[in-house]
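Report on one structure; see the data block that follows.
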Amino acid sequence: MTRLRSSALALIAMLWVVAMPAYASEIDSKSEVESNIESDPLEGMNRRLFWFNDRLDVYIIEPVGKGWRWISPQSVRTSLSKFFLNLRFPVRFVSNLIEFNAVGAGEELGRFSVNTTVGILGFFDPATGWGLEGTDTDVGLALGRWGMPPGPYLILPIFGPSNPRDTLGLIGDTVLSSGPSLISPAVGAIVNGGELINLRAELVPVIDDAKEASFDYYVFVRNAYAQNRRARVLSENPDEAEPIEDDLYEIYDDE
Amino acid sequence: MIFTKSMMTNSRLAIALWASLIALPVCAEDARTVVTQTMDDVVKVLSSPDLSIDARRTQLEEIAYARFDFERMSRLILARNWKKLSPEQRDEFTVEFKKHLSTTYGKRLNADTYRNETIEVTADRKEKNGDVTVKTKIIGGAADGVLIDYRMRQSDSKWLVLDVIIERVSLVQNFRSQIQELISESGVSKMLERLREKNAQAMAQAS
């Protein structure tokens, strides 16, 4: 396990080294139109991994997710999402601490206590009604809020869209949410598998629409990921996304 | 002479006054009110049980066509590529983009998937360039809590939708990125071809 982790770290370090010079030159020679929030110097490799992940989804994860969607009522899926969200409490708690956000950490602690007890293991969410709305954070966002740049776009095998910063964040999130695996590997597998399938079931209409409505699905996802992560890094409050660059709304004239 | 001149001024004044009275309700409408009204209209159409599918789609389209500034959106999406397009290609892009939005969004907004969700207008923010962003949130259903912002711009004293930002993802920026990729990979005419092809597919599936 330690070995796996250190080799993952080595891989990321390598990606930084390989990707950063390309990223830097990309910025210099940036085409005049393309926005630089979605630098993608490794597009060739990324597209291949994206395709691999999509096959994995289409042949395995999506059919299981659709099956689960078909047999389960919405209320069950909603409650399960809440349960898994509650289990991920350590991720948000620690991320708030990394951000030096004591209020946020306290709020998360309050939510976890209330929802685990009154909310029956987190299947229900009375805390929100009591004014504990929770925070929007993870380790990648916390690093971003400290000013760490995301780096170039990166598709991770199985895990999907990311960047070097968020990959580091993902490792942190994984360690922090490994509680169930500590009980036993079987419990860990059930929790992780269940979370994935329930999430995929909930995302059925979203992903179907995205594939259908996009002209280039790969670019659609890349841009959506970059925009979403950037806005969340910039926002303190989950409902207060920062404005996107102002020149986005400037009309270019003919001359 | 003086008499006629003052009469003319008077009648001009009267016309101006009359015009401003008519225009008043429109001016008084702020961006937030427009969004709230539009959302109410959409929910009303979605929740009326006796409408046929076609009637519902037509009504939703009418609402969208009255509230979206498709031409400006198209220009923003094309950004600096705008100058690479001939006037005919620009018109075609606008038409196809409009078609694209109404088929994809029209499908998303249908009665089968409508589960009495409501839309709450949570805040509005004045942008530096005079636009207003109106923030909304979906309440209830599978999409509970999803954030949708509308960037509004005033044009001829009417507030029109310039961009839709779903879960912090701007539609204009997302399309801009995709269109840019298509144009730089294979040129303007191939990009338009892809747009037409995609719309034809969507139309075939919708009917």
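The table for this structure:
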| quantity | calculated |
| --- | --- |
| Criterion: under 30 Å from residue A:52 (Cα atoms) and either β-branched (Val, Ile, Thr) or assigned to a helix (DSSP H, G or I) (or both) - qualifying residue of A:151, A:169 | A:169 |
| Selection status of residue B:60, more than 10 Å from chain A (Cβ to nearest Cβ), closer than 21 Å to residue A:213 by Cα and either of a type in the set (A, V, I, L, M) or not in a helix (DSSP H, G or I) (or both) | yes |
| Residues located in the stretch B:25-39, provided they are modelled with pLDDT under 85 and surrounded by 11 or more Cβ atoms within 10 Å (Cβ to Cβ) | B:26, B:27, B:29 |
| Residue that is within 14 Å of another protein chain (Cβ to nearest Cβ), part of a helix (DSSP H, G or I), under 22 Å from residue B:163 (Cα atoms) and touching a residue at least 60 places away in the same chain (Cβ under 8 Å), where the choices are B:39, B:73 | B:73 |
| Tally, over the stretch A:85-104, of residues that are surrounded by fewer than 18 Cβ atoms within 10 Å (Cβ to Cβ) and of a type in the set (Phe, Trp, Tyr) | 1 |
| Elements of type strands (runs of 3 or more DSSP E) contained in the stretch B:112-180, each with 2 or more residues being surrounded by 21 or more Cβ atoms within 10 Å (Cβ to Cβ) and either more than 7 Å from chain A (Cβ to nearest Cβ) or at pLDDT 85 or above (or both) | B:132-139, B:147-155, B:158-166 |
| Which numbered condition residue A:222 fails, given (1) facing chain B (nearest Cβ under 7 Å); (2) buried (at least 17 other Cβ atoms within 10 Å of the Cβ) | (1) |
| Conditions (1) at pLDDT 95 or above; (2) over 30 Å from residue B:141 (Cα atoms); (3) of a type in the set (S, T, N, Q): number failed by residue A:29 | (1) |
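The values are calculated or read from the model by the stated rules, or taken from the named source; none is laboratory data. As the structure is a computational prediction, the values presented were derived from the model and not from experiment. All Cβ positions, even for glycine, are placed from backbone atoms using ideal geometry, and neighbour counts span all protein chains on display.
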